[in-house]
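The values are calculated or read from the model by the stated rules, or taken from the named source; none is laboratory data. Because the structure is predicted, anything quoted here is derived from the model rather than measured. Cβ coordinates were reconstructed from backbone atoms using ideal geometry, including for glycine residues, and neighbour counts include every protein chain displayed. In case anyone asks, the SASA skips ligands and DNA or RNA and just uses the protein heavy atoms, side chains included. Shrake-Rupley method; radii C 1.70, N 1.55, O 1.52, S 1.80 Å.
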Amino acid sequence: SNAVAVSLNDGATATLGKDGRIHDNRCATAVVYMRGGANLTVYGKINDNTSEGNCAALYIVTNGDPSHATMEDGGEICGNTNGGTKYGAAVEVQQGDCSFTMNGGRISGNAGPLGAIQVHKGNAVLIMNGGEVAENALNGSADADANVSLSDGTPRAELNAGKLES
């Protein structure tokens, strides 16, 4: 297994188009790792991946400038597993002023120690303007929600529209 399948660093900008697929990867850390002011827009699918370490399918961290990811209609982050002991399985908004914005799409069928999406620390934020987060599972002993977990500091979730359910 590789450390990551896709690495976006130091201001890199990428789009996973509607026919784009990142699937069936087994990674030592994250499947898609974003750091240093990277930006990603997801119209395609990040499905059926396994992170063997403590990272999610989509890991968003600062390491310099804050990184940001956006999921649009048709995008999916489904069926991913975090085999570690911490963090979310689908999306980890790690720290600082990093963000994950859902304007559409679906996050489901993921299993992780802290559910599907973890907004971890600092001013990290999940902004939900649409889409659906549902039917995710905990695979550890943490006392957390299977869909969205907030922890450490002042992370927040802005739930403007969309569907968030067990």
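Structure notes:
- Restricting 81, 70 to residues that are in contact (Cβ under 8 Å) with a residue 24 or more places away in the chain, within 16 Å of residue 37 (Cα to Cα) and of a type in the set (Ser, Thr, Tyr) narrows the list to 70.
- Screening residue 3 against (1) at pLDDT 95 or above; (2) open to solvent by 50 Å² or more (accessible area, probe 1.4 Å); (3) of a type in the set (A, V, I, L, M) leaves a single unmet condition, (1).
- One residue from 111, 124, 134 being among the small types (Gly, Ala, Ser) and more than 20 Å from residue 33 (Cα to Cα): 134
- Matching option when the condition is farther than 15 Å from residue 79 by Cβ, in a loop (DSSP other than H, G, I, E, B) and in contact (Cβ under 8 Å) with a residue 12 or more places away in the chain, among 56, 30: 30
- In the stretch 111-122, the condition of being among the charged types (D, E, K, R) and within 15 Å of residue 60 (Cβ to Cβ) is met by at least one residue.
- Residue list for the stretch 140-157, restricted to those being open to solvent by 10 Å² or more (accessible area, probe 1.4 Å), on the phi < 0 side of the Ramachandran plot and in a loop (DSSP other than H, G, I, E, B): 140, 141, 142, 143, 144, 145, 146, 151, 154, 155
- Matching residues, the stretch 54-108, being open to solvent by 20 Å² or more (accessible area, probe 1.4 Å), in contact with a His (Cβ under 8 Å, 6 or more places away or on another chain) and at pLDDT 95 or above: 101
- Residues in the stretch 1-15 that are under 19 Å from residue 50 (Cα atoms) and of a type outside the set (S, T, N, Q): 3, 4, 5, 6, 8.
- Residue count for the stretch 7-27, restricted to those that are among the basic types (Lys, Arg) and modelled with pLDDT of 95 or more: 2
- Applying the set (1) more than 19 Å from residue 4 (Cβ to Cβ); (2) open to solvent by 10 Å² or more (accessible area, probe 1.4 Å); (3) of a type in the set (Gly, Ala, Ser) to residue 115 leaves exactly one unmet item: (2).
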